[in-house]
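Asks: Got a structure for you, written out below as structure tokens; questions coming shortly.
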Amino acid sequence: MNWTAESLRITIQAGQLLTTAFAVAAAIWAFRKWRMKEELVPRIHFEIDIIFVGMKDGKLISEIVATMENRGIVPIKIKRFFFVIRSLKKEDSLEFGGDEIRNQLFFKNKVIEQSFIPKSWDYTFIYPGVRTEYNHVAAFENDLDFVRVEGHFDYPNDVGSHHAARVRKVPSFGAPEGNSR
């Protein structure tokens, strides 16, 4: 093959054009892969539970535990992080809620609503790969039969919220204090 200056120039331009086309295709592929994986989207594993510890002065001592694990690749800031405990008392009859709670059993008695974040904090955060627990110790009247503990938190900048819940039977701790004979 006889390479002339013109054919060499055309070959180099074609190579540059192919290199540019491959670079653009690679950039599009990388962007689409990033969008499909949504790597910057929060990936929080969130659970909430209540542990019944015992009785003291006629009150049921309990610990509310919220467990969060950041399974994503970016730190997550959390604001407005709280729990609500609702109950069915021993004398309550069963009622089912409407569409707003998907016709589930309705726990009509609000026992407590409390923040996990102190008022002096603007937010809390969880780094990637970190699992952390937030807890609150409370005392309730001893007339509860079942409780539903609900945890809620909001992401900053109004990008959404996250919820978790658990239902527990309140255990019997035997005779009330002072009547143990």
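No lab work stands behind these numbers, since they all come straight from the coordinates. Since we're looking at a predicted model, the values are computed, not measured. Note that we place each Cβ from the backbone using ideal geometry, even for glycine, and neighbour counts take in every protein chain shown.
Asks: Of all the stretches in the chain, which is the longest one without any exposed loop site, taking GluC sites (Glu not before Pro) in a DSSP loop (any state but H, G, I, E, B) with at most 15 other Cβ atoms within 10 Å?
Replies: 96-176
Asks: Okay, moving on. Rounded, prolate or oblate, given the Cα gyration tensor of the range 80-181, with a/c below 1.5 counting as rounded?
Replies: oblate
Asks: Tell me the Kirkwood hydrodynamic radius of the chain in angstroms, computed as one over the mean inverse distance between distinct C-alpha pairs.
Replies: Kirkwood radius, the chain: 21.0 Å.
Asks: While we're on this one: Can you pick out the pairs among LYS77/LYS108; LYS79/LYS110; LYS59/LYS119; LYS33/LYS77; LYS59/LYS108 whose Cα atoms lie more than 29 Å from each other?
Replies: Over 29 Å Cα-Cα: LYS77/LYS108.
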